[in-house]
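What follows draws every value from the coordinates through simple rules; no lab data is involved. Since we're looking at a predicted model, the values are computed, not measured. Using ideal geometry, Cβ is built from the backbone for each residue, glycine included, and neighbour counts are taken over all protein chains shown.
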Amino acid sequence: MSIDLVKKKYEEMLMNLPGVVGVGIGLKSKKKAIKVFVGRLPEERPQPEQAIPKSLDGYEVDVEEIGTLECLEKRRGLLEGRRE
């Protein structure tokens, strides 16, 4: 199965896990991987049903902490002096 189909198959499940803010496709060790973006990594090990899997259908999963997301349009409005 292609990595695009694997991402599509598991994206909703991954997005429902605590702390997950995005899912994508990237590289890990020069191989295609499913990227899972989290706001911040948990301090404690999550329960098994809430843990991000290490692989999905043969593709490695790479978890990346990216911090808080902010809407770019809202930010542009603030920079240009608009209020929303």
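Here are some notes:
- Calculated FRET value between residue 2 and residue 50, using beta carbons and R₀ = 41 Å, to 0.05: 0.90
- A Stokes-Einstein calculation at 25 °C with viscosity 0.890 mPa s, built on the Kirkwood radius of the range 3-79 over Cα pairs, returns a diffusion coefficient of 181 µm²/s.
- Highest-first arrangement of 62-69, 40-47, 21-28, where packing means the average Cβ count within 10 Å: 21-28, 62-69, 40-47
- Taking amide hydrogens as placed 1.01 Å from N in the peptide plane, the amide H of residue 35 sits under 5 Å from those of 24, 25, 26, 62, each at least 5 positions away in sequence or on another chain.
- Backbone N under 12 Å from the residue 66 label point (7 Å along Cα→Cβ), restricted to the range 13-44: 20-26, 35-40
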